[in-house]
Amino acid sequence: MPAQPPDDMPADGPEGARDLDRYAEDSLESGLAVAQGSLYFSAVEVGGEGQKRRGRKLGIGAWLAIGWMVFIVLFSVLAQLGVLPLKSPTESFASCARLGPFAKEGTAPGHILGCDSNGRDMIARLAYGGWSSLFVATGAVLFGLIFGGVLGMLAGFFGGKVDVVLTSLFNVFLAIPAVVLALALVAFLQGASSSSGSGGTTVDAKFLLILAIGIVSVPLLGRITRASALTWSQREFVLAARAQGAKPMRIMIREVLPNVVPAMMSIALLAIAIAIVAEGTLSILGVGVKPPTPSWGNIIGLDRGKIKESPHIVFLPALLIFLTVLSLNFLGDVVRARLDVRESAV
Amino acid sequence: MAAARLIGRRFLQLAVVLLLVTFFTFSLVRLLPGDPAKTIIPFGTEQQRAQLNQDLGLDKPFLQQYVNYLGVPIIRSDGTSGLLQGNLGRLYATNQPVTDSLKQSLPISLQLVLYAQVLALVIAIPLGVLAAYRSGTRTDRTINTTAFAFLAIPNFVLALVLSYFVGARLQWLPTAGYQPGWLDPLFDSSRSSTIFSGWSNNHIRYMILPVITLAVGQVAIYMRLLRSDMIATLQENFITMAKAKGVPNRRILFRHALRPSSLTLLTVAGLNIGTLIGGAIVVEVIFGIPGMGTQIGTAIFAREYVELQSYILVIAFIFVMINFIVDFLYIVLDPRIRRARATA
Amino acid sequence: MTMPAPTPTATAGSTEPMLQVTDLKTHFDTPRGIVRAVDGVSFTLDRGKTLGVVGESGSGKTVLSRSIMGLLPKRGTIREGSVRFDGTEIADLSAKAMREYWGARLSMIFQDPMTSLNPVMKIGRQITESIRQHLDVDKKYANELAENLLRSVRIPEPERRMKEYPHQLSGGMRQRVCIAVALACGPALLFADEPTTALDVTVQAQVLDLMAQQQRERFMAIVLITHDLGVVAGRADEIAVMYAGRIVEKAPAGVLFSDMKMPYTEALLSSIPKLEQPSHTRLATIPGRPPNLVNPPKGCKFASRCAYVQDRCLEEDPPLLPGPQPGHEYRCWFPVGTPEGIEALARNRAKSAAAAGSTVPGAASGTA
């Protein structure tokens, strides 16, 4: 601490006042700094701190969500690999059709969660269906992240005409509600694949779904990436790299991309949740995963007419969808909260 | 006039977006690999297909087809009318104009979406204000947690839950069907409103479950948005000033804090019309309501691509128009923008 | 003037001052610990008088004013002590009961006129809101009152301004509107929290003069809060200097400037540039930062920044001691201008000279 104050520190007048304020802000515990200006500071402060604390140490909710996701991913992946001792998801046991817990006609012996209206084992259907749903959702989001991410990066980083063209392209796609666009794309793609595959070997419906839902997610994810890339491109370290004469592509990949990626990861979790719902919606509308291959959506879609007699067929996959979406939403929120903390610490 | 120029510019943007949407949907149909005629009459002869292609104008060059489709008056090559004349095309199978089915289904979906939006806002605004006012307390946490859970319920799941418990088990409300409301007669004079008729076949009775289904998710979104904006506003100096004037809390919340806090809500409410329209499709299918969603589903199965294309276009048009209007509502809500935008 | 005359409230026990604050404490319970924003403040104020409260940002002066008015949120705030206003104890009144006082008998002007008016509410409405809340008048009459108020705070074309929004006014105009809002119901006591800090220098004096004029006309008491000793110099009857949530020196204005005892007051005063100094004179600043209010240091809170600091200051917290003249109080073991103080300063100077470049307050900063 120098005995003589440095020259550039005026002591009074409006300038000095600002300096004092800055002093105070630096030195005081944040609680008071907020108290100076705000009426409801304590509530906000307490709430905010609580959230930050939750960000630092994972709460019970986050562990439950992680637990559920691990369980459901293992359940469906292992089933698909044939490791689990499950019945075939397509084999019919005529005697137990429509039977199950809460069903009008009673439960089905040998099938803990009952059977669907064709007498297929629900546990097997749910496990294999989970694979379809998760595969389609993850695939679609990956597609969206790759294409939306690249386009968004280009728009946000280069700006100017590139930005104008890409942003208006995004806007055109965003002018069509997502479900409508996905529905139209699936319909057109199915039409396209069935008329082009002359030998009758149609492309797996799952890939068409991935493509359709993926395309719909491109402008959404693209816009978010663009916003993030735009903010980061204006940071000092990027300007510094520019000033040093680094090539734009290099700056984009080495400086901006690593900062944009974490933000995209939290969005990705939310996006997967949305994609699971999208797959369900399309299946219920009859353009989802093609039966007899199960997906959570088409189990509901096929038997929603039997809801009165056999509610378990509809509500079991519905419950799995709900819990998975809830977990993904929750984890997405946790990740976002953690990222915010890191950003504010910079 | 700055304001007039602003409106002009926004209108131009609007037109460009709509033009690109038409081009996109048009290309999607026309660029399908393979022959649309083959899709429509898979078992017809070559001759029949060629005839069909000619009838549909599909033998002309692509851009020519697009211009015809739009119906641009000056460069139109033949006598047919296009979009600009209100011609949305005809169904392949019946040769009925698409506008016929649109007249029936559009008002149904519009009412459904409108009710859901109004219901969502009516519930979300007081809840959001309350949560913000009590932020950090148990009330706030309860509202927030509930909202978070509701956010994770897909429309189709809620629709099935409601139709099973309220409809099938309790039998309080119908689970399928529709009766015309106040908007239907305006589009199709042969239909008459059932709003004032008996409860058993009343429009409202049939709309309750679908509307609740659509509204629940939106309530959660709107409430969370308003809460966070409201918390920020409640920290503003003018709120302390209002308190120091002796203004009661209720008035501070609803008269001083709500309006400046509702700008984001307004934007999102506009954008979410899209989500609602999307949600309405599956809700209509589950509740057996003959709206646009059901119509789109039918069109997909019947491979009526022209109909599908027209429906998408109409939805996009409505969506873009609503957000155009939202932009102007902004100006009403915030006088600061009136100047900032006019000078920008 | 159609203004309601400032009703001289029944000052029954006329011996009692209008505002009497006794040992007021305001602590905030934050996740980082208890913040002692106001830590035992006492003073009195009579009708028509002005008390200047001076201190750095974070010294607790803003919290003090809001605490007296009862404007702080209940949750997370610990408030002790007594506030008697017009013979009534108002420290423990509910917000509902306080609403009778807010705006009507106790008023406040805030620092930043840009943010203290509601941006989406017309000026007229913001004034009449208060009038209609407290006085039983109809809309038309409230509008007339508001117009007259705007005229009395010298806003040109008040009838047009009534229909405008805050962003259409300049900073000085907005602060005048804030004053009009605060004066609307003829309050007996006005808190002015840095009323001129956010304004241009040329407008500052105008606003302060306006307040002084209104004070004379309404026989109103003012608590003028500022970080700038210059602002209160000619305008306050009494000045209280705040540091770390406490009053460290309080005296009638003349006494404070002529015979200050607290080194902090001296430091504040010497940090004001003076005309008679040659140009390019280095401005004196107060080194260091205000102390942590969660875990305040032992001893005198100013010790770590004080040029007079001695070992005793680091150990023992000085109480408020009476000064040589009536009404003068200060907290210091080695007061300015006394033999002890002069000796302490000399000792520190010698020490720092010996340590060649090591700092005067460095003696303390090692332990702080």
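Structure above, values below:
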{"item": "Condition met for C:GLN133 (part of a helix (DSSP H, G or I), within 16 Å of C:PRO187 (Cα to Cα) and at the interface with another protein chain (Cβ under 10 Å from one of its Cβ atoms))", "result": "yes"}
{"item": "Candidates C:LEU183, C:LEU135, C:LEU117, C:LEU190, filtered to the one that is within 18 Å of B:ALA244 (Cβ to Cβ) and surrounded by fewer than 17 Cβ atoms within 10 Å (Cβ to Cβ)", "result": "C:LEU135"}
{"item": "Residue, nearest to B:GLU304 (Cα to Cα), within segment B:2-44, restricted to residues that are at pLDDT 70 or above and among the β-branched types (Val, Ile, Thr)", "result": "B:VAL29"}
{"item": "Exclusive hit being of a type in the set (S, T, N, Q) and more than 13 Å from C:SER82 (Cβ to Cβ), set C:THR22, C:THR15", "result": "C:THR15"}
{"item": "Matching residues in segment B:184-237 - criterion: being within 17 Å of the chain's Cα centre (by Cα) and aliphatic (A, V, I, L, M)", "result": "B:MET207, B:VAL211, B:ILE212, B:LEU214, B:ALA215, B:VAL216, B:VAL219, B:ILE221"}
{"item": "Subset of segment C:34-67 (residues that are hydrophobic (A, V, I, L, M, F, W, C), more than 18 Å from C:VAL294 (Cβ to Cβ) and over 10 Å from the mean Cα position of the chain (by Cα))", "result": "C:VAL41, C:PHE43, C:LEU45"}
{"item": "Odd one out for C:SER270, checked against (1) out of contact with any strand residue (DSSP E or B) (no Cβ under 9 Å at 6 or more places or on another chain); (2) within 14 Å of chain A (Cβ to nearest Cβ); (3) over 16 Å from C:HIS227 (Cβ atoms); (4) surrounded by fewer than 21 Cβ atoms within 10 Å (Cβ to Cβ)", "result": "(3)"}
{"item": "Selection within segment A:170-184 - without any contact (Cβ under 8 Å) to a residue 60 or more places away in the chain and over 15 Å from B:VAL17 (Cα atoms)", "result": "A:VAL180, A:LEU181, A:ALA184"}
{"item": "Matching residues, segment B:226-263, being under 16 Å from C:VAL181 (Cβ atoms) and charged (D, E, K, R)", "result": "B:GLU236, B:LYS243, B:LYS245, B:ARG251, B:ARG255"}
{"item": "Pick from segment C:291-315, criterion closer than 17 Å to C:LYS25 by Cα and crowded, with 24+ Cβ neighbours inside 10 Å, ranking: farthest from the other protein chains (Cβ to nearest Cβ)", "result": "C:LYS301"}
{"item": "Condition broken by C:ARG176, with the remaining ones in (1) touching a residue at least 40 places away in the same chain (Cβ under 8 Å); (2) surrounded by 23 or more Cβ atoms within 10 Å (Cβ to Cβ); (3) not aromatic (Phe, Trp, Tyr) satisfied", "result": "(1)"}
{"item": "Within segment B:177-290, helices (runs of 4 or more DSSP H) holding 1 or more residues that are buried (at least 19 other Cβ atoms within 10 Å of the Cβ) and within 14 Å of chain A (Cβ to nearest Cβ)", "result": "B:203-234, B:237-244, B:258-261, B:263-286"}
{"item": "Among (1) under 18 Å from the mean Cα position of the chain (by Cα); (2) buried (at least 21 other Cβ atoms within 10 Å of the Cβ); (3) over 24 Å from C:MET173 (Cα atoms); (4) more than 11 Å from chain A (Cβ to nearest Cβ), the one test that C:TYR101 misses", "result": "(1)"}
{"item": "Single match in C:VAL41, C:VAL63 (criterion: away from chain A (no Cβ under 14 Å), at pLDDT 90 or above and either under 30 Å from B:LEU234 (Cβ atoms) or not in a loop (DSSP other than H, G, I, E, B) (or both))", "result": "C:VAL41"}
{"item": "Residues located in segment A:283-307, provided they are part of a loop (DSSP other than H, G, I, E, B), modelled with pLDDT under 90, more than 11 Å from chain B (Cβ to nearest Cβ) and over 15 Å from A:LEU208 (Cα atoms)", "result": "A:PRO292"}
{"item": "Residues of segment A:138-170 classified as touching a Ser or Thr at 6+ places or on another chain (Cβ under 9 Å) and crowded, with 19+ Cβ neighbours inside 10 Å, total", "result": "13"}
{"item": "Meets criteria (at pLDDT below 95, out of contact with any helix residue (DSSP H, G or I) (no Cβ under 7 Å at 6 or more places or on another chain), closer than 27 Å to A:LYS206 by Cα and part of a helix (DSSP H, G or I)) for A:VAL172", "result": "no"}
{"item": "Which listed residue, of C:LEU93, C:LEU106, is more than 28 Å from C:PRO31 (Cβ to Cβ) and within 20 Å of the chain's Cα centre (by Cα)", "result": "C:LEU106"}
{"item": "Contacts under 8 angstrom Cβ, first residue in segment B:84-102 being among the charged types (D, E, K, R), partner in a loop (DSSP other than H, G, I, E, B), 6 or more apart", "result": "B:ARG90/B:GLN96"}
{"item": "Considering residues of segment B:149-162 that are at the interface with chain A (Cβ under 7 Å from one of its Cβ atoms) and part of a helix (DSSP H, G or I) only, the residue farthest from B:ILE221 (Cα to Cα)", "result": "B:LEU160"}
{"item": "Index of the failed condition, B:ILE143 passing every other in (1) under 20 Å from B:ALA232 (Cα atoms); (2) modelled with pLDDT under 90", "result": "(2)"}
{"item": "Residue in segment A:283-301 that is in contact (Cβ under 8 Å) with a residue 24 or more places away in the chain, touching a helix residue (DSSP H, G or I) at 6+ places or on another chain (Cβ under 6 Å) and farther than 28 Å from B:PHE287 by Cβ present", "result": "no"}
{"item": "Members of segment A:304-341 found to be touching a residue at least 40 places away in the same chain (Cβ under 8 Å), more than 30 Å from A:ALA268 (Cβ to Cβ) and crowded, with 21+ Cβ neighbours inside 10 Å, listed by number", "result": "A:SER310, A:PRO311, A:HIS312, A:ILE313"}
{"item": "In segment B:299-318, the residues that are at the interface with chain A (Cβ under 10 Å from one of its Cβ atoms), closer than 22 Å to A:ASN298 by Cβ and not charged (D, E, K, R)", "result": "B:ALA299, B:ILE300, B:PHE301, B:LEU308"}
{"item": "Single match in C:PRO318, C:PRO322, C:PRO335 (criterion: surrounded by fewer than 12 Cβ atoms within 10 Å (Cβ to Cβ) and modelled with pLDDT of 90 or more)", "result": "C:PRO322"}
{"item": "Answer from B:VAL332, B:VAL326 - the residue that is over 18 Å from B:LYS103 (Cβ atoms) and free of Cβ contacts under 8 Å to residues at least 24 places away in the same chain", "result": "B:VAL332"}
{"item": "Count - residues of segment B:253-277 that are without any contact (Cβ under 8 Å) to a residue 24 or more places away in the chain and out of contact with any Phe, Trp or Tyr (no Cβ under 9 Å at 6 or more places or on another chain)", "result": "1"}
{"item": "The lone exception for A:LEU239 - which of (1) buried (at least 17 other Cβ atoms within 10 Å of the Cβ); (2) more than 30 Å from B:GLU284 (Cα to Cα) it fails", "result": "(1)"}
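Residues checked against (1) in contact with a strand residue (DSSP E or B) (Cβ under 6 Å, 6 or more places away or on another chain); (2) within 30 Å of A:SER266 (Cβ to Cβ); (3) at pLDDT below 90:
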| site | (1), (2), (3) |
| --- | --- |
| A:GLY59 | no, yes, yes |
| A:ILE66 | no, yes, no |
| A:MET69 | no, yes, no |
| A:ASN118 | no, no, yes |
| A:ALA127 | no, yes, no |
| A:TRP131 | no, yes, no |
| A:GLY139 | no, yes, no |
| A:PHE143 | no, yes, no |
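The values are calculated or read from the model by the stated rules, or taken from the named source; none is laboratory data. Being a predicted model, the structure only gives us computed values, none of them experimental. No Cβ is skipped: glycine too gets one built from the backbone with ideal geometry, and neighbour counts run over all protein chains shown.
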